[in-house]
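Structure first, then comments.
The values are calculated or read from the model by the stated rules, or taken from the named source; none is laboratory data. Because the structure is predicted, anything quoted here is derived from the model rather than measured. Ideal geometry is used to build each Cβ from the backbone, glycine not excepted, and the neighbour counts take in all protein chains shown. Heavy atoms of the whole protein, side chains included, go into the accessibility calculation; ligands, DNA and RNA do not. Shrake-Rupley method; radii C 1.70, N 1.55, O 1.52, S 1.80 Å.
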Amino acid sequence: MSIPLLAFLVLIAAFAIGSFTKINAGLIALVAAFGVGTLVAGLPITEVISEFPSGLFFVLVGATLLFAIVRINGTIDLLAYWAERLAGHRKLLVPVLMFLLTAVLATAGAFTPAAIAIVAPVALALGSRFGISTLAMGLVVVQGANAGAFSPVNPFGVLANVMLDDAGASADSLKLFIYCFVFNALLALVAYAAAQKIMGGRLRRAAALSGEGTREIVTGAGVSGPTPAKQAGTSVLTRPVKVAPPKTAPVKVAATPIRVFTLIGLGALLVLTTVLGIDVGVASFVIALALIVVNSSVQKAAVESMPWSAILLVTGIVTYVGMLEAIGALEELQNGIAGLGNSSLAALVTSYVVAIVSAFASTTGTLSVISPLVTPIAVDPLLSPIGVITAIAISASVVDVSPMSTSGALLMASAPPKDERLFFRALLVWAIVMIAVVPVLVWLCFVQLGIG
């Protein structure tokens, strides 16, 4: 067995073990990078260490620290309160506002799982209050996060823009963001409608089977009144009475000085990164420090609540990928894809590969793994670089709803306990549909038709 093939099998094993056990796949990959790199491939240990993605580490830690502070100091609660006030009694505005809130957080630089973790509990609670399926609200939140995930300041966007740079299409960064945003907005509409229909039918069937609830008596004389569905010694026709959920006023969340200051800080993050070109991680640390100086009590809770497991997952996998590149394994895989003899077909195959892998692993890690393989496809003069990279980016992120991925797991954690099994089955089915349909759909739109 060749060393590159062995190295890829070890990476697949790391993904598999991480998916079906509680062991962190990134930790496995990090240790394996030294085992395979030094013991098998003969690399110096210092070279393997140098493959650790320090820049990406800064982005992940800075962004997650900042948004942990945003959550802890109540700024997210303030935004949710404003959203509920804005929606009023207009039910359809609730999913729209939750989609936009998650998209704005992701666009501002929040790690996608962090944005979902912040918004999902609020969105599902609001959905219940407005009589909206919690599954529908959960899917909308994930699509909102994906819609903003390819902004230039989001970790997903950072990786995708590296692909654009390597393909000589760095000027198309804004197009990538817009295409991903629009696609996910349309997909959110489909997901919301499908989940509402499925859950609505399920609830109606459950109500019909239970025979519980208030019903209205219909007699021959036309006299009616509320009574239990069954009444001893009485034979009557009954029909269910629709009871609207009680509407309560939203609990007021005050716009305190620290929350206003935090909102200003988030605005400053966009300016620093997009206008002044400051590194996302560095800018996040600067703003996080400013918020801690103003209110030092948030520091301990923010650091403890950061998703260190996810950060280890991503950096461990990226380190292993760096080792793969150093031993020439990625070059062999590139040659294999190039051997297909058709760059358009190679783009389709790559889109399916990233969709399948990302459903069981980190999307950021998947994008890191696939990045070196995309450049030879994207630079084909017969194809559009922005089209190829958009198709691959969407394919990798659209399956984040899988219950085996971080985002899907966060949705399940936010769901009511009674809906846990339903959520698992529904999210798994939706992810399978996404794997089957989306890669070929975006390939047709962005690669074959050359949109971009």
- Task: Could you check, for the range 74-90, whether at least one of its residues is in contact with a Phe, Trp or Tyr (Cβ under 7 Å, 6 or more places away or on another chain) and not acidic (Asp, Glu)?
- Result: no
- Note on the structure: Inside the range 259-287, the number of residues satisfying the requirement of being within 20 Å of VAL158 (Cα to Cα) and assigned to a helix (DSSP H, G or I) is 18
- Query: What number of residues in the range 404-418 are at pLDDT 75 or above and open to solvent by 10 Å² or more (accessible area, probe 1.4 Å)?
  - Reply: 0
- Item | Residues (exposed (fewer than 15 other Cβ atoms within 10 Å of the Cβ), closer than 21 Å to GLU51 by Cα and of a type outside the set (Gly, Ala, Ser)) located in the range 12-32 | ILE12, VAL31
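When you go through LEU383, LEU312, LEU348 one by one, which is the residue that is aliphatic (A, V, I, L, M), touching a Ser or Thr at 6+ places or on another chain (Cβ under 8 Å), open to solvent by 20 Å² or more (accessible area, probe 1.4 Å) and modelled with pLDDT of 80 or more?
Values: LEU312 fails: touching a Ser or Thr at 6+ places or on another chain (Cβ under 8 Å); LEU348 fails: touching a Ser or Thr at 6+ places or on another chain (Cβ under 8 Å).
Answer to the check: LEU383.
Listed here are the residues, each with its yes/no results for (1) without any contact (Cβ under 8 Å) to a residue 24 or more places away in the chain; (2) assigned to a helix (DSSP H, G or I); (3) open to solvent by 20 Å² or more (accessible area, probe 1.4 Å).
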| residue | (1), (2), (3) |
| --- | --- |
| ALA106 | no, yes, no |
| GLY109 | no, no, no |
| ILE118 | no, yes, no |
| VAL122 | no, yes, yes |
| ILE132 | no, no, no |
| VAL140 | no, yes, no |
| LEU159 | no, yes, yes |
| ALA185 | no, yes, yes |
| TYR192 | no, yes, yes |
- Task: Determine whether the range 419-442 contains at least one residue that is free of Cβ contacts under 8 Å to residues at least 60 places away in the same chain, open to solvent by 20 Å² or more (accessible area, probe 1.4 Å) and within 25 Å of SER173 (Cβ to Cβ).
- Result: yes
- Note on the structure: Of the residues in the range 11-49, those that are farther than 16 Å from VAL318 by Cα, in contact (Cβ under 8 Å) with a residue 40 or more places away in the chain and not aliphatic (A, V, I, L, M) come to SER19
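Criterion first (within 19 Å of the chain's Cα centre (by Cα), farther than 24 Å from ALA160 by Cα and of a type in the set (Ser, Thr, Tyr)) does SER395 satisfy it? Spell out how you get there, then give the answer.
Working: within 19 Å of the chain's Cα centre (by Cα): yes; farther than 24 Å from ALA160 by Cα: no; of a type in the set (Ser, Thr, Tyr): yes.
The answer is no for SER395.
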- Condition broken by GLY131, with the remaining ones in (1) over 15 Å from the mean Cα position of the chain (by Cα); (2) modelled with pLDDT of 85 or more satisfied: (2)
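For the range 24-34, does any single residue satisfy the condition of being part of a loop (DSSP other than H, G, I, E, B), aromatic (Phe, Trp, Tyr) and modelled with pLDDT of 85 or more? Please lay out each step first, then the result.
Narrowing the range 24-34 to residues part of a loop (DSSP other than H, G, I, E, B): 24.
Narrowing further to those that are aromatic (Phe, Trp, Tyr): none.
Looking for residues that are part of a loop (DSSP other than H, G, I, E, B), aromatic (Phe, Trp, Tyr) and modelled with pLDDT of 85 or more, one finds none in the range 24-34, hence no.
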- The condition from (1) charged (D, E, K, R); (2) open to solvent by 30 Å² or more (accessible area, probe 1.4 Å); (3) under 14 Å from VAL122 (Cα atoms) that GLU84 misses is numbered (2)
- Item | Failed item, numbered, when ALA147 is tested on (1) open to solvent by 10 Å² or more (accessible area, probe 1.4 Å); (2) touching a Cys at 6+ places or on another chain (Cβ under 8 Å) | (1)
- Note on the structure: Restricting the range 295-309 to residues that are in contact with a helix residue (DSSP H, G or I) (Cβ under 6 Å, 6 or more places away or on another chain) and aliphatic (A, V, I, L, M), the one surrounded by the fewest Cβ atoms within 10 Å (Cβ to Cβ) turns out to be ALA301
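Has the range 73-80 got any residue that is out of contact with any helix residue (DSSP H, G or I) (no Cβ under 8 Å at 6 or more places or on another chain), buried (at least 16 other Cβ atoms within 10 Å of the Cβ), part of a helix (DSSP H, G or I) and not aliphatic (A, V, I, L, M)?
Of the residues in the range 73-80, the ones out of contact with any helix residue (DSSP H, G or I) (no Cβ under 8 Å at 6 or more places or on another chain) are none.
Among the residues of the range 73-80, not one is out of contact with any helix residue (DSSP H, G or I) (no Cβ under 8 Å at 6 or more places or on another chain), buried (at least 16 other Cβ atoms within 10 Å of the Cβ), part of a helix (DSSP H, G or I) and not aliphatic (A, V, I, L, M), which makes the answer no.
Going through the range 406-452 one residue at a time, which ones are under 15 Å from ALA393 (Cβ atoms) and among the aliphatic types (A, V, I, L, M)?
Just the residues of the range 406-452 that are under 15 Å from ALA393 (Cβ atoms), to begin with: 434, 438-439, 441-443, 445-447, 451-452.
Result: MET434, VAL438, LEU441, VAL442, VAL447, ILE451.
I'm trying to understand the selection: among the residues of the range 251-284, which are in contact with a Pro (Cβ under 9 Å, 6 or more places away or on another chain) and open to solvent by 50 Å² or more (accessible area, probe 1.4 Å)?
THR274
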- Message: Anything in the range 247-258 that is modelled with pLDDT of 90 or more and either in a helix (DSSP H, G or I) or among the small types (Gly, Ala, Ser) (or both)? List them, or say none.
- Response: PRO257, ILE258
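What is the residue count in the range 37-58 for residues that are open to solvent by 10 Å² or more (accessible area, probe 1.4 Å) and part of a helix (DSSP H, G or I)? Walk me through it before giving the result.
Narrowing the range 37-58 to residues open to solvent by 10 Å² or more (accessible area, probe 1.4 Å): 38-47, 49-58.
Next cut, part of a helix (DSSP H, G or I) only: 38-40, 45-47, 49-50, 54-58.
Of the residues in the range 37-58, 13 are open to solvent by 10 Å² or more (accessible area, probe 1.4 Å) and part of a helix (DSSP H, G or I).
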